Structure formats: structure tokens, C-alpha cells
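Remarks on the structure that follows.
The values are calculated or read from the model by the stated rules, or taken from the named source; none is laboratory data. All values derive from a computational prediction rather than experimental measurement. Every residue, glycine among them, receives a Cβ derived from its backbone with ideal geometry; neighbour counts consider all protein chains shown. To get the accessible areas, we keep the full protein, side chains included, count just its heavy atoms, and leave off ligands, DNA and RNA. Shrake-Rupley method; radii C 1.70, N 1.55, O 1.52, S 1.80 Å.
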Amino acid sequence: MKKIIPLFLFSILAFPMIASAETAVTAESVLQSLDMAWIMIAAFLVFFMHAGFAMVESGFTRSKNALNILMKNFMTMSIASVLYFVVGYGIMFGTSGGGIIGIDGFLLSGHEDQIGFFVFQAVFAATCATIISGAVAERIKLGSYLLLTVVMTGFIYPVVGHWVWGGGWLSELGFVDFAGSTVVHLTGALGAIVAVMFLGPRLGKYSGKTVNVIPGHNIPLGALGVFILWFGWFGFNGGSTLAADPSLVPSVIATTLLSASAGIIGSGFYSYAKFKRIDASLTLNGALAGLVGITAGTANVSLIGAIIIGLIAGVILVEAVQFLDRVARIDDPVGAIAVHGVCGIWGTLAVGFFSVEGGLFYGDGLSLLGIQAVGILAVIAWTMLTTGIVVFIIKSTVGIRVSRQEEVSGLDFSEHGSTAYESSRGIFNENYNPRVDADFGVGLLHRLDSLNNDQKPKKERTAQ
């Protein structure tokens, strides 16, 4: 035994040396492996962001629709992954047809060596679509939402992505959107605002000139979702480096952290100045505002610039929510349009001000700022036009909104035949085993109630 153990240890230690000799490990191959590992980790983080979206959306809405929101998020991720593989990736990263659209690469044909990059981009596509989910919550038909998701992830979003990241005309113009303030967030928000305009507000949201608050059922759940999104955003922005670059990744992570923190400070203190209290929902969304705001220029601005961008995004968020809700009367239950749309525009324009190379505040004039504005206007025109056509067709054929009765009863039951919370039984911790139920839970409460009734005068029992 004493001889066997050293031989066993020697064989374990010697195996890597033998394997390395056969595979000829080089410094370049090690760096490639590290880069791919970082991209995959980032893809996992972005995937996990969808748990955050689900928690934010369900927490900020009513409990009778929580299950429906969870199902929308699961279906969005699944549909986007498959559809992006079939057509989306090719449209976005295939050979450019006049700088407008990719014309090959469908089913990853000719791009088999880019599977890792495809995975990273697929979870981005799903992120764009799920932004719509929160804005249309509590009144859209599930089937109609899924049809819109198909078009958004399979065509509308990939075209925008091709313009900016796939070698299209905006990239040739010099448009800067490092991780997607416009490509992902503004595109998703534009799809959301078009859908909401066709849908109309939730029942009871507006009564004449009165704007009624419809509170979410679980703000702690929403707060958990914000933390998950913040955590996942380090992969969203950090992974967009597409390499484990020791000089770039830490800077991107730092600007992401600081802008989100500044967004919370900006929205929190501004809401206090405006309403004499720190508004919880606005402050939570302030973190997302700072994150969306920094996403375009996360690799192009200084740490101080990131803080300023986040602070301004937090203030813009508060004003945007108030304007959309009270002036434009656009009912967005989770504030997705303000967070991803208005702050997405700000973040994209902020590159023109704060970029250390080409920014106005660094003495390089208005050129970059003008290019950023052109890109924003182009994406607004494309996304709103195409989404408007799609939603109009859906509304004219299968319909887009649930019935009044279904909306009142909740989409959990009408769309799924179930509920997220079983309050009538679960609140008493009832066991469904009839033998146990007789001695514990609701059964016990019924027996105690009967006992109490037996002790009441006959006339009182009859009246009951």
C-alpha cells in the first residue's frame, strides 16, 4: 500500500504534463480559453437577469397576475433562444446587405466556430423582448404577447443590432453603443410604448382627470429583482468586452457599479426633494436607470463621468415616470418605458458628452454627439414603425387585450387556470391530507368556529 499511493499521486501529477505535450498548449490557446470562459460566465449572468426581470415585474404588479408574468418571462427566454438561433443571429451578424441587414448565417451556417458568441447574444435578444413584458402587464393576451416576442427577437431587434454591432451603417458612421443602451434597452422600450398605446391603460387606472395608484403586491420581491438585475448587469456590460481583458473589464465593472449607485442616490434624493419622502419604487428603479444610462458608454467614460451619468439618470427617471403616468397617461405598471427608453436615450447621448475620446466635454466638439442623435432617431423610426404594423395586425386579427371580466379576475386564472398564491388554504398552512386536516389547519378552525356557534343563543345562530 505504501508503494501504491506514491505511484497513484505521480500518475495524477504526470497526466497534465502528458496531455499538454499532446495538445501543445500555448499562451495563445490559454488566452482564448480565458476569453471564452469569461464570455460564458457573462452569458450566465445575463441569463440570470431574467429572474430579476420576473421578480421586478411580479412584485410591482398585483398578485392575481404574478403567475402570468412568470410564464411570460419563461416563454420569452425560450422563444428568443430558438428563434435567434434560426434567423436572428444571421440577420444581426451575417454578411451585411447594404449595411441594413444580414443575409446569411442562419442556423449558424458558416459561424459554427462562434457558438459561444451566439449564446451571449441570444440572452441579449431575450432581454430586449422581456422589457415589453413589464409595460404591458396585467391586460395583454398571452398569445398576442408571444407573437410580438417572435417578431421582436426574430427580426426587429436583430436589424437594429446589425446596424450597430454587425457592421451596418450606424457602426460605419461611428455610432457608439458599447453594451446596448440603444440596441437593447431603447429598442425594447419603443416596442413597449407602441404596444401600450394600442392596449390602453388598466381598468381603474384613470378616472377622468384623476390618476389612481395601483400598488404592487410585493415590493420586497421587486427589490430582490433589482438586486439580481444589478448583479447580472456586471455580465451584461463586462461580457461585452468579448475578452478577459485585464485593462478593460475592471474599468467596465467599476463604471457599471458607480453609475447604478449614483442612480439610486439621484432618484432617492430627488424624490425626497419633490415629494418630501424617499419613494421606494422610484429609488429601486433609480438603480436600473443608472445601469441603463451607463450601458452605452461603460467602456468610454471615466469613473467620475459614470457617477454624473448615473445621477442625472436617476433624476430623469423620476420626471419621466411622472410625465408618462400623469401627462401622457401611458400606463406602465413597472416603469419600463421610463427606465429603458428615456434613460436609454440619455445614456446614448451621454457618450457624446462624456466619452474620453470624442466627447464634447473633452474638447472634441459636437461630431460624436450628432452621430449619437442620428442613431437614436433611426432606431426610434424603425422600431416604432415595424412594431406598430405588427401590433395593428395582431389587434385586428386575434385581438390584443383580455376581456374586462378576465382582467378583473386576474390573468393567472383566465390564462393559466391557476394562481400564484393559494391564500384561502395556504394562509392557514392547511394540509391537504383529510386525516391531518381534521386535526390541524382549516379543519381545526372550522371546528372551533362551530363550537363558538353552539355556545351562541338560538336566535343569534338563526340570524347568521
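Between the amide H of I101 and any residue lying 5 or more places away or on another chain, no distance stays under 5 Å, with hydrogens modeled in the peptide plane. Per-residue packing, averaged as other Cβ atoms within 10 Å, sorts the ranges 348-357, 258-267 into the order 258-267, 348-357, beginning with the highest.
In this label model, T95 and A243 are separated by 2.7 nm, measuring between points 7 Å along each Cα→Cβ vector.
Protection proxy ranking of 336-345, 73-82, 239-248, by the mean of other Cβ atoms within 10 Å over each peptide's residues and highest first, is 336-345, 73-82, 239-248. A Förster radius of 30 Å, combined with the Cβ-Cβ distance separating V150 from E112, puts the computed FRET efficiency at roughly 0.75.
Within the chain, which whole H helices from DSSP have a Cα span along their axis of at least 27 Å and a mean Kyte-Doolittle hydropathy of 1.0 or more, if any? Both cut-offs are met by 4-23, 27-59, 115-135, 219-238, 249-275, 303-322, 367-397. Which log10 I(q)/I(0) values, to two decimals, does segment 303-404 give at q = 0.22 Å⁻¹ under the Debye formula with one point per Cα? Calculated log10 I(q)/I(0) at the listed q: -1.18. One chain, two ends: V408 and V213. Fully extended at 0.36 nm per residue, the span grows by 68.6 nm beyond their Cα-Cα distance. In this entry, segment 129-190 is assigned a mean projected area of 4.2 nm², taken as a quarter of its C-alpha convex hull surface. Considering helices alone, the calculated mean residue ellipticity of the chain at 222 nm is -21000 deg cm²/dmol, with DSSP H runs of length four and up weighted by -39500 (n - 2.57) and normalised per residue.
Can you count the Lys pairs in the chain whose Cα atoms are under 23 Å apart, with each pair 8 or more apart or on different chains? The number of close lysine pairs in the chain is 11. Here Kirkwood radius over Cα pairs in Å was computed from the coordinates, and among [x] 20.9; [y] 24.3; [z] 22.7 the match is [y]. Once the gyration tensor of the Cα atoms in segment 202-286 is diagonalised, the equivalent ellipsoid follows with semi-axes of 34, 16, 11 Å, ordered largest first. If R0 is 22 Å, the Cβ-Cβ spacing of V374 and F323 corresponds to a FRET efficiency of close to 0.35. Exposed loop sites are taken as trypsin sites (Lys or Arg not before Pro) in a DSSP loop (any state but H, G, I, E or B) with at most 12 other beta carbon atoms within 10 Å; the longest stretch of the chain without one runs 4-208. Probing with 1.4 Å while keeping every protein chain in the model, the per residue accessible area of the chain equals 46 Å². The distance separating the Cα centre of segment 133-154 from that of segment 158-222 comes to 13 Å. Extension gain for L224-A37 works out to 64.6 nm (0.36 nm per residue, less the C-alpha to C-alpha distance). Segment A273..S29, full-extension length gain: 82.3 nm, with 0.36 nm per residue of separation and the alpha-carbon distance subtracted.
Computed over protein heavy atoms with a 1.4 Å probe, the carbon and sulfur contribution to the accessible area of the chain reaches 70%.
Ranked highest first by the average count of other Cβ atoms within 10 Å around their residues, in what order do 112-120, 218-226 fall?
Packing order, densest peptide first, comes out as 218-226, 112-120.
Classified by the C-alpha gyration tensor, segment 132-270 has an oblate form. Its axis ratio a/c, with a ≥ b ≥ c, is 1.5 or above, and a/b does not exceed b/c.
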